[in-house]
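Structure first, commentary second.
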C-alpha cells in the first residue's frame, strides 16, 4: 500500500477548512416577531446573562430582566371659556398644559433551550404608572 501524494492531502485539508468557514458564515440567529432574521450578535446582546434572575427547569432556562425609568411628557386639555377682549367678555378657547411624569416598567422574559442553548422565545411587557401631573400653563383666548 502506498501513501497518497502530498498535493492531495493539502487540497483535502484546504477543502475542509473552506467548508468549516462557509458553514459558519451562513449562520444567523432566531427570527424576530416580524419574521426577519436577527444577526446572532444582536440576539446575544439582548439575552440576560447568567447570574441575573434566571431559572432552569425541565430543560429550559428562563431569564427575567426588569428596567424602570421615569418619562416626562406634556399634555394639553382644551375647553371653552369667557375671554375679555377689551370691551367685554366673549366666547373663548382655554388651553391648559400639564407636565407629566410617568414611571415605565419593562419586563423582558427570555427562554432558551438548556442552560446555554439557543433562545427560542422572548417577550416584553410594559407597565406605566402616572406619578405626578403639574399645571404649567392656562391660557384663555378669544375666538
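The values are calculated or read from the model by the stated rules, or taken from the named source; none is laboratory data. Bear in mind the structure is a predicted one, so any value in this text is a computation, not a measurement. For neighbour counting, all protein chains shown are included, and Cβ atoms are generated from backbone atoms with ideal geometry for every residue, glycine included.
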Can you find even one residue in region 69-81 that is modelled with pLDDT of 95 or more and either outside the structural domain of residue 139 (by TED's automatic domain parsing) or surrounded by 14 or more Cβ atoms within 10 Å (Cβ to Cβ) (or both)?
yes
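Please verify whether region 74-86 includes one or more residues that are under 23 Å from the mean Cα position of the chain (by Cα), in a strand (DSSP E or B) and at negative phi.
no
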For residue 115, indicate whether it is modelled with pLDDT of 95 or more and either under 30 Å from residue 138 (Cβ atoms) or surrounded by 11 or more Cβ atoms within 10 Å (Cβ to Cβ) (or both).
no
